[in-house]
Structure formats: C-alpha cells, structure tokens
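The values are calculated or read from the model by the stated rules, or taken from the named source; none is laboratory data. Predicted, not measured: the structure shown is a model, and the values here were computed from it. Every residue, glycine among them, receives a Cβ derived from its backbone with ideal geometry; neighbour counts consider all protein chains shown. The accessibility values were calculated without ligands, DNA or RNA, using every heavy atom of the protein model including side chains. Shrake-Rupley method; radii C 1.70, N 1.55, O 1.52, S 1.80 Å.
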Amino acid sequence: MSYRWSKKLSHADAQHPRGANTNPTGHLTLVQAGHAIDSATWFRQVLFGHLPWGGVPDKERLTLSMWVSIAGKDYGLQEIEITHTPSFEANQGNRATVLHWGVLGALLQSVDFSDQFVTLERTPADVFYLTIDGKPTGPSSV
C-alpha cells in the first residue's frame, strides 16, 4: 500500500522560529495537518508501524532510510530518526510523533523553507521519500 502525507512547514518546523530568544527545535512535528487521520497513532501504527521500533513503550525510536529532495535538489538516501512519545498526546490532540532533522538541520537553518510543503511518502515497495517543495508532491493518500 502507498501512503502520502504532507504539511505546510511552520517557521518552527523549518528551523526558523520567530521568537528572538527561541532556538530551532531540530525536528518536524508529525500532526494531522488537515488529513483525516488520528495523528496520535497514524504515524506510529500505519506509516511506520511495520518497521523495527526500539526504546521503551513511552519513548519509542526508529531510524530509517529516506530518499530526500529539497527544493528540487537530490540529497540521496539519508538516515532519519523518528520518535514516538504517546504521553505527549495526553488526550489533547498534541503531537506524539516527531521526525528529527539530523544532518538536514544545518541545511534547513541556512535556507528558510517556511511556508513550503514537506511530503512524506511510503511506496508499495516500502521505499520512503521526504520532499520539501513549493507544493505537496501529489495528492494525499492517508
């Protein structure tokens, strides 16, 4: 099965927070973003659910390889860490899952991609893509 989710990058997601005394977070919050999903469970159980998670039940970690393209430039296969912390959700619709930018963080801090779209995609062959561009890479398939 193929899945595709996208989100318009906020200033914080794009590593350009607005507050003068606010540092970049180093991560992308994986939330509903207008899609018909339960963000507290969809990323952990559907998009990445079949992959080998580690850690402890309230702080699970996953590292996977994703093909990355940013503003039309191919960055090849990158190791991306995802963490899932169910207690963050607290039955309030807060984010429970985040994607850690890792080595991509320096690039995001050097160029402001705020208001661009990030798209995460899993193909039927279990190949993962992360794209940042002026529009989502295709229709949502969540």
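When the test is whether a residue is hydroxyl-bearing (Ser, Thr, Tyr), within 22 Å of ALA14 (Cα to Cα) and exposed (fewer than 15 other Cβ atoms within 10 Å of the Cβ), SER140 does not pass it.
Considering only segment 80-98, I want to know if a residue exists there that is aromatic (Phe, Trp, Tyr), open to solvent by 40 Å² or more (accessible area, probe 1.4 Å) and not in a helix (DSSP H, G or I).
Taking every residue of segment 80-98 in turn, none turns out to be aromatic (Phe, Trp, Tyr), open to solvent by 40 Å² or more (accessible area, probe 1.4 Å) and not in a helix (DSSP H, G or I).
Having 1 or more residues that are of a type in the set (Phe, Trp, Tyr) and at pLDDT 95 or above is the bar; report the strands (runs of 3 or more DSSP E) wholly within segment 1-79 that clear it.
3-8, 59-70
Tell me, please, whether a residue that is under 27 Å from HIS16 (Cβ atoms), of a type outside the set (Phe, Trp, Tyr) and in a strand (DSSP E or B) can be found in segment 103-114. Taking every residue of segment 103-114 in turn, none turns out to be under 27 Å from HIS16 (Cβ atoms), of a type outside the set (Phe, Trp, Tyr) and in a strand (DSSP E or B). For segment 23-30, the condition holds for at least one residue, the condition being that it is surrounded by fewer than 15 Cβ atoms within 10 Å (Cβ to Cβ), more than 12 Å from VAL142 (Cα to Cα) and polar (S, T, N, Q). Is it true that some residue in segment 7-21 is of a type in the set (D, E, K, R), in contact (Cβ under 8 Å) with a residue 40 or more places away in the chain and open to solvent by 50 Å² or more (accessible area, probe 1.4 Å)? Yes; the residues of segment 7-21 include at least one that is of a type in the set (D, E, K, R), in contact (Cβ under 8 Å) with a residue 40 or more places away in the chain and open to solvent by 50 Å² or more (accessible area, probe 1.4 Å).
Take the residues in segment 108-133 that are of a type in the set (Gly, Ala, Ser) and without any contact (Cβ under 8 Å) to a residue 60 or more places away in the chain; name whichever of them is nearest to GLU79 (Cα to Cα). Applying the filter and picking the extreme gives ALA125. Note on segment 115-142: residues that are under 18 Å from ASP38 (Cα atoms) and either among the aromatic types (Phe, Trp, Tyr) or in contact with a Pro (Cβ under 6 Å, 6 or more places away or on another chain) (or both) total 1. In the condition set (1) touching a residue at least 60 places away in the same chain (Cβ under 8 Å); (2) farther than 16 Å from LEU99 by Cα; (3) open to solvent by 50 Å² or more (accessible area, probe 1.4 Å), HIS35 is compliant with all but (3). On the stretch given as segment 38-64, residues that are open to solvent by 70 Å² or more (accessible area, probe 1.4 Å) and within 12 Å of the chain's Cα centre (by Cα) total 0.
Restricting attention to segment 117-125, does a residue exist that is farther than 15 Å from SER6 by Cα, among the aliphatic types (A, V, I, L, M) and loosely packed, with under 14 Cβ neighbours inside 10 Å? Yes, segment 117-125 contains a residue that is farther than 15 Å from SER6 by Cα, among the aliphatic types (A, V, I, L, M) and loosely packed, with under 14 Cβ neighbours inside 10 Å.
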